[in-house]
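**Student:** Below: one structure in structure tokens.
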Amino acid sequence: MSDKVVLFGTGSSAEVAHFYLTHDSDHEVVAFTVHEDHRDKEGLRGLPVVPFEQIGERFPPGEFGMHVAVGYSKVNHTRAGIYRQAKEAGYELVSYVSSRCTCWGDTAIGDNCFILEDNTIQPFVTIGNDVVIWSGNHVGHHVTIEDHCFVSSHVVISGHVTVGAYSFLGVNATIRDNVTIAEENVIGAAALILSSTKPRDVFPAQRTKAHRLKSDQINF
């Protein structure tokens, strides 16, 4: 795989990917790309922003890899669609795993994954293609995370869990052991999942209500 990489995206996810790939990988980011109708700038971070429709001419597949650095919009389907377009154009899709991620070397990781620092990934874990695992999560033993998922931060995925394709797991969510999260689930912040779910289930975050007292009325 080429060590020179084009990043698809110009939003915050792409800027974060540029930072990590530049500071903590052997890859060199050489350009950004988006579809022509979403291109609102000619450059980013000192690099050109090239229309995706022209990217193969300037940065051809085989000589350059690509990473799709797009968030979780439309329950990850937006990123998955671009992932497929990049694959169809012939690009090898680069994965990034932070040097500060703890894993045991036996983790099966697909392409176009983005796994940040302070994740603990226990043995016998399988991570599919196009999976984002943000910082500070626990991924227990014998876990399978299927394609096109997004795991935010401080999520606990206990042992023998399967996370279905396209699912989103919010900050501080907890999944108990031996549970299957079905496809296209949205697990809200701090949700506690104790049993298996159904496809496209949504578990909304429960907002903490403000107390009737104000802070200057409380004596610690």
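The values are calculated or read from the model by the stated rules, or taken from the named source; none is laboratory data. A quick note: this is a predicted structure, and the numbers were derived from the prediction, not measured. Reconstructed Cβ throughout: ideal geometry from the backbone, glycine too, with neighbour counts over all protein chains shown.
**Student:** Can you confirm whether the range 56-66 contains a residue that is touching a helix residue (DSSP H, G or I) at 6+ places or on another chain (Cβ under 8 Å), assigned to a loop (DSSP other than H, G, I, E, B) and within 14 Å of residue 112 (Cβ to Cβ)?
**Tutor:** Of all residues in the range 56-66, those touching a helix residue (DSSP H, G or I) at 6+ places or on another chain (Cβ under 8 Å) come to 66.
Keeping just the survivors that are assigned to a loop (DSSP other than H, G, I, E, B) gives none.
No: zero hits.
**Student:** Looking only at the range 1-31, which residues are in a helix (DSSP H, G or I), surrounded by 18 or more Cβ atoms within 10 Å (Cβ to Cβ) and out of contact with any Lys or Arg (no Cβ under 7 Å at 6 or more places or on another chain)? Walk me through it before giving the result.
**Tutor:** Residues of the range 1-31 in a helix (DSSP H, G or I): 12-23.
When the remaining residues are screened for being surrounded by 18 or more Cβ atoms within 10 Å (Cβ to Cβ), the result is 13-14, 17-18, 20-21.
Those that are in a helix (DSSP H, G or I), surrounded by 18 or more Cβ atoms within 10 Å (Cβ to Cβ) and out of contact with any Lys or Arg (no Cβ under 7 Å at 6 or more places or on another chain): 13, 14, 17, 20, 21.
**Student:** To continue, here is another question. Looking at the range 32-53 only, could you name the residues that are over 22 Å from the mean Cα position of the chain (by Cα) and part of a helix (DSSP H, G or I)?
**Tutor:** 36, 37, 53, listed by residue number.
**Student:** Look at residue 216 and say whether it is of a type in the set (Asp, Glu) and in a loop (DSSP other than H, G, I, E, B). Write out each step before concluding.
**Tutor:** Details: of a type in the set (Asp, Glu): yes; in a loop (DSSP other than H, G, I, E, B): no.
Considered against the rule, which asks whether it is of a type in the set (Asp, Glu) and in a loop (DSSP other than H, G, I, E, B), residue 216 comes out as no.
**Student:** Starting from residues that are out of contact with any helix residue (DSSP H, G or I) (no Cβ under 6 Å at 6 or more places or on another chain) and in contact (Cβ under 8 Å) with a residue 60 or more places away in the chain, keep the ones in the range 14-35 and report whichever is nearest to residue 114 (Cα to Cα).
**Tutor:** Applying the filter and picking the extreme gives 17.
**Student:** Considering (1) closer than 27 Å to residue 170 by Cβ; (2) of a type outside the set (Lys, Arg); (3) free of Cβ contacts under 8 Å to residues at least 60 places away in the same chain; (4) not assigned by TED's automatic domain parsing to the domain that holds residue 125, say which one residue 80 fails and leave the rest.
**Tutor:** (3)
**Student:** Continuing with the same structure: Sort out which residues of the range 127-143 are under 15 Å from the mean Cα position of the chain (by Cα) and of a type in the set (Val, Ile, Thr), and write them in order of number.
**Tutor:** The answer is 127, 131, 132, 133, 139.
**Student:** Just one of the numbered conditions (1) at pLDDT 95 or above; (2) out of contact with any Asp or Glu (no Cβ under 6 Å at 6 or more places or on another chain); (3) not aromatic (Phe, Trp, Tyr) is not true of residue 36; which one?
**Tutor:** Failed condition: (2).
**Student:** Got a sec? Which of 72, 91, 83 is of a type in the set (Ser, Thr, Tyr), buried (at least 19 other Cβ atoms within 10 Å of the Cβ) and touching an Asp or Glu at 6+ places or on another chain (Cβ under 8 Å)? Walk me through how you get there before you give the answer.
**Tutor:** On the way: 72 fails: touching an Asp or Glu at 6+ places or on another chain (Cβ under 8 Å); 91 fails: touching an Asp or Glu at 6+ places or on another chain (Cβ under 8 Å).
Unique residue meeting the criteria: 83.
**Student:** What are the pairs with Cβ atoms under 9 angstrom where one residue, in the range 158-170, is among the aromatic types (Phe, Trp, Tyr) and the other, located anywhere, is not in a loop (DSSP other than H, G, I, E, B)? Sequence gap at least six, or different chains.
**Tutor:** Every condition considered, the pairs that remain are 166/77; 166/80; 166/150; 168/150; 168/151; 168/186; 168/187.
**Student:** While we're here: With respect to the numbered conditions (1) in a loop (DSSP other than H, G, I, E, B); (2) free of Cβ contacts under 8 Å to residues at least 12 places away in the same chain; (3) within 17 Å of residue 115 (Cβ to Cβ); (4) not hydrophobic (A, V, I, L, M, F, W, C), which one is the sole condition not fulfilled by residue 73?
**Tutor:** (3)
**Student:** Right, another one. Out of all the residues in the range 183-210, which are farther than 19 Å from residue 159 by Cα and among the hydrophobic types (A, V, I, L, M, F, W, C)?
**Tutor:** Passing the criteria: 186, 189, 202, 203, 205, 210.
**Student:** Oh, and also: So which residues in the range 169-180 are surrounded by fewer than 23 Cβ atoms within 10 Å (Cβ to Cβ) and either in contact with a Phe, Trp or Tyr (Cβ under 9 Å, 6 or more places away or on another chain) or farther than 15 Å from residue 136 by Cα (or both)?
**Tutor:** Taking the range 169-180 first, the residues surrounded by fewer than 23 Cβ atoms within 10 Å (Cβ to Cβ) are 170-172, 174, 176-180.
Scanning the range 169-180 gives 170, 171, 176, 177, 178, 179, 180.
**Student:** Next question, about the same structure. Test of understanding: among 52, 19, 8, which residue is outside the structural domain of residue 148 (by TED's automatic domain parsing), at pLDDT 95 or above and over 23 Å from residue 149 (Cβ atoms)? Talk me through it step by step, then tell me what you get.
**Tutor:** Numbers: 19 fails: over 23 Å from residue 149 (Cβ atoms); 8 fails: over 23 Å from residue 149 (Cβ atoms).
Result: 52 is the single residue among 52, 19, 8 that is outside the structural domain of residue 148 (by TED's automatic domain parsing), at pLDDT 95 or above and over 23 Å from residue 149 (Cβ atoms).
**Student:** Would you check if there is a residue in the range 151-163 being buried (at least 21 other Cβ atoms within 10 Å of the Cβ), modelled with pLDDT of 95 or more and assigned to a loop (DSSP other than H, G, I, E, B)? Can you show your working first?
**Tutor:** So the first thing to find is which residues in the range 151-163 are buried (at least 21 other Cβ atoms within 10 Å of the Cβ), and the list is 151, 155, 157, 161, 163.
Still in the running and modelled with pLDDT of 95 or more: 151, 155, 157, 161, 163.
When the remaining residues are screened for being assigned to a loop (DSSP other than H, G, I, E, B), the result is 155, 161.
Yes, some residue in the range 151-163 is buried (at least 21 other Cβ atoms within 10 Å of the Cβ), modelled with pLDDT of 95 or more and assigned to a loop (DSSP other than H, G, I, E, B).
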